[in-house]
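Engineer: Quick one: structure below, then a few questions.
The values are calculated or read from the model by the stated rules, or taken from the named source; none is laboratory data. Owing to the predicted nature of the structure, the values given are computational and were not obtained by experimental measurement. Glycine also receives a Cβ, built like all others from the backbone with ideal geometry; neighbour counts cover every protein chain displayed.
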Amino acid sequence: MTIVATGKAASSAAPSDRGVGPLLRAWRERRRVSQLELALRADSSARHISFIETGRSRPSEEMVLRLAEHLEVPVRERNALLLAAGYAPHYPETPLDSPALDALRQGLERLIRCHEPYPAFVVDAVYDVVAANRGMTMFLAGIPEFLLQPPLNAMRLTLHPEGLAPRIRNLPEWRGHLLAQMEREIALHRSEPLRRLYEEVAAYPVPDPEPRREPTAPVPHFALPMQIEHDGRTLSFVSTISTFNTPMDVTVAELAMETLLPADPTTAKYLQSRLT
């Protein structure tokens, strides 16, 4: 599957009517950092941090970026802080299909192809799939067309009662893992689109799994597996997620590559026989 742009953003970078001070205070409280601790990290003073948060002092552009870095504010929201302080956004948001990101797209496509026959895919900030390999697309057979319309969303596909959910043998555990993952990201990114997606998928009814046709694969001790039915077999995978270090572009910062690794030799052998 070729990488495509989805045109959707995690949240708005519009300036806030409240000013930058209350926004910085909200991020500091979210990170559970005191004014003194933040001041020490940013080579400032607790008095200056207090003045910034109450609006008595206007921070420089450099100070906004420094505080945002020490508070681990997501790149998109750093632009929002700069706008609220009266400065231009610092980080561009390049469309994924832009020629400027050709090398990035080609690199991601090469990575997920190299992961075959095992599943791998790339998602944006709201879990819309922008690329997937053959190991992933083999699981889409029999999925209703309305769930496969672009942009294909990984969370809807997995948790919808007409999607993959009925095929997942340990759905309660895997569903709980995915919802907890989304909750952590909502707390980190303050993304309203992600919150709406969470509320949608969390409200899906949980379907009864199909009767087991063979014993469930053994649970590996090192990670929670996803155990999924495919062509009468129960396959077991563990998941890894990769993101970019120190991204300087909003689009790049919000991409994540998820790779599924066989959790047992039977799964590995089956995929190798199907896709090699």
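Engineer: Can you work out which of the residues in region 222-267 that are among the hydroxyl-bearing types (Ser, Thr, Tyr) and in a loop (DSSP other than H, G, I, E, B) is farthest from the chain's Cα centre (by Cα)?
Structural biologist: Filtering region 222-267 down to residues among the hydroxyl-bearing types (Ser, Thr, Tyr) leaves 234, 236, 239-240, 242-243, 246, 251, 259, 266-267.
Checking the rest, the ones that are also in a loop (DSSP other than H, G, I, E, B) come to 243, 246.
Working: THR243: 9, THR246: 16 Å.
Among them, the one singled out is THR246.
Engineer: Turning to a different aspect of this structure: Take region 36-64 and flag every residue that is buried (at least 18 other Cβ atoms within 10 Å of the Cβ) and part of a helix (DSSP H, G or I).
Structural biologist: Passing the criteria: LEU38, ALA39, ILE49, ILE52, GLU53, MET63, VAL64.
Engineer: If you don't mind, another one. With respect to PHE237, determine if the residue is aromatic (Phe, Trp, Tyr) and either at positive phi or touching a Pro at 6+ places or on another chain (Cβ under 9 Å) (or both).
Structural biologist: So PHE237 passes the test.
Engineer: Take the residues of region 1-28 that are of a type in the set (D, E, K, R) and at pLDDT 95 or above: which is surrounded by the most Cβ atoms within 10 Å (Cβ to Cβ)? Spell out how you get there, then give the answer.
Structural biologist: Step one: list which residues in region 1-28 are of a type in the set (D, E, K, R), which gives 8, 17-18, 25, 28.
Subset that is at pLDDT 95 or above: 25, 28.
Working: ARG25: 17, ARG28: 20.
Taking the candidates together, the pick is ARG28.
Engineer: Looking at VAL33, VAL126, which one is touching a Lys or Arg at 6+ places or on another chain (Cβ under 6 Å) and either surrounded by 15 or more Cβ atoms within 10 Å (Cβ to Cβ) or assigned to a helix (DSSP H, G or I) (or both)? Step through it out loud before you land on a result.
Structural biologist: On the way: VAL33 fails: touching a Lys or Arg at 6+ places or on another chain (Cβ under 6 Å).
Within the list VAL33, VAL126, the selection yields VAL126.
Engineer: Mind listing just one residue for me: the one in region 165-182 that is part of a helix (DSSP H, G or I) and of a type in the set (Lys, Arg) and, of those, surrounded by the fewest Cβ atoms within 10 Å (Cβ to Cβ)? Steps first, please.
Structural biologist: The initial filter retains those residues of region 165-182 that are part of a helix (DSSP H, G or I), namely 165-167, 171-182.
Retained after the next criterion (residues that are of a type in the set (Lys, Arg)): 167, 175.
Numbers: ARG167: 20, ARG175: 18.
Only one residue fits best here, namely ARG175.
Engineer: I would also like to ask the following. Only residues that are over 17 Å from PHE244 (Cα atoms) and assigned to a loop (DSSP other than H, G, I, E, B): list them for region 75-108, please.
Structural biologist: Answer for region 75-108, where residues must be over 17 Å from PHE244 (Cα atoms) and assigned to a loop (DSSP other than H, G, I, E, B): ALA85, GLY86, TYR87, ALA88, PRO89, HIS90, ASP97, SER98.
Engineer: Tell me, which residue of region 87-97 that is in contact (Cβ under 8 Å) with a residue 40 or more places away in the chain and not charged (D, E, K, R) is surrounded by the most Cβ atoms within 10 Å (Cβ to Cβ)?
Structural biologist: So the first thing to find is which residues in region 87-97 are in contact (Cβ under 8 Å) with a residue 40 or more places away in the chain, and the list is 89, 91-97.
Pick out the ones that are also not charged (D, E, K, R) and you get 89, 91-92, 94-96.
On the way: PRO89: 16, TYR91: 19, PRO92: 14, THR94: 16, PRO95: 12, LEU96: 21.
Going through the qualifying residues, I end up with LEU96.
Engineer: Restricting attention to region 109-116, does a residue exist that is in the same structural domain as GLU254 (by TED's automatic domain parsing) and in a loop (DSSP other than H, G, I, E, B)?
Structural biologist: Looking through region 109-116, at least one residue is in the same structural domain as GLU254 (by TED's automatic domain parsing) and in a loop (DSSP other than H, G, I, E, B).
Engineer: What residue, among those in region 129-153 that are over 20 Å from LEU261 (Cβ atoms) and of a type outside the set (A, V, I, L, M, F, W, C), is surrounded by the most Cβ atoms within 10 Å (Cβ to Cβ)?
Structural biologist: Among them, the one singled out is ASN153.
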